[in-house]
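Each reported figure results from applying straightforward, stated rules to the coordinates on display, with no laboratory input. What you are looking at is a predicted structure, and each value in this text was computed from that prediction instead of being measured. FYI the Cβ positions are ideal-geometry reconstructions off the backbone, even for glycines, and counts take in every protein chain you see.
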Amino acid sequence: MRKYLQELVTEISHYLEILLSLILTIAMIFFAISLVANLPGFLISDVNNNHLFENILGRALTLAVGVELIKMLSKPSPGTVIEVLLFALTRQMIVDHPKMFDFLLGIIAVAILFAIRRYLFVKFDESTSIMIRGSQTLKMTKMIAHVSIDGPKEEKLRDYMTKRLQEEDHSISVGAVLNLGSFALRIDKMRGGLITRVEVIRDL
């Protein structure tokens, strides 16, 4: 019972992340429209040109941070986290005009983030993955993951994986991988001998 509740809470949290990213997307659209709508007013205003440019740049960079945050929530990965931090630091350094010491710390932080992205998270950036329920049909799997799978459209993904793994004499267990060329299917979760969740790994 406890394990089931943990899985349920985890599943709900995934949907809440998607809902939050959708809300942020709508907010970013209105924010972008507001920025474009205010451009004529900026051009004819008597505000100092440098101050005007900083105002526009600050709002644009805030929008960029919001977009990266949406990407992080909808498709969390080490790469998207690094990108959000990079955009946030860049905005802070360019718009807020920190003191020289703070500016130096910002440069060091950006350099560290680039080093982490380059040397630690490179493998995460080379492929993308998506989790799909084993009860989904091949037709829905193709639509959700944007992959091409040969098989009856109404066949369930778990049945397809079970059949193919048996054909290749592979064990049907968590972690088993079915390589299909440009992408792979990996058993992420099983219950009572049935495959309940499959990870689709693309861009291999």
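Worth a mention:
- When shorter helices are ignored and each DSSP H run of at least 4 residues is given -39500 (n - 2.57), the per-residue value for the chain at 222 nm works out to -22000 deg cm²/dmol.
- Each principal axis of the range 51-143 carries a Cα extent, and these read 57, 32, 14 Å when sorted largest first.
- Taking Cα centre as origin and charging only the Cβ of basic (Lys, Arg, +1) and acidic (Asp, Glu, -1) residues, the dipole magnitude of the range 128-202 rounds to 340 debye.
- 25, 10, 62 arranged by Cβ crowding within 10 Å, fewest neighbours leading: 10, 25, 62
- Along its first, second and third principal axes, ordered by size, the range 87-204 spans 64, 28, 25 Å in Cα coordinates.
- Estimated dipole of the chain in Debye, rounded to 20 [Cβ of Lys and Arg +1, of Asp and Glu -1, Cα centre]: 520 debye
- Its Cα gyration tensor gives the chain an equivalent ellipsoid, and the semi-axes of that ellipsoid, as √(5λ) in whole Å with the largest first, are 44, 20, 16.
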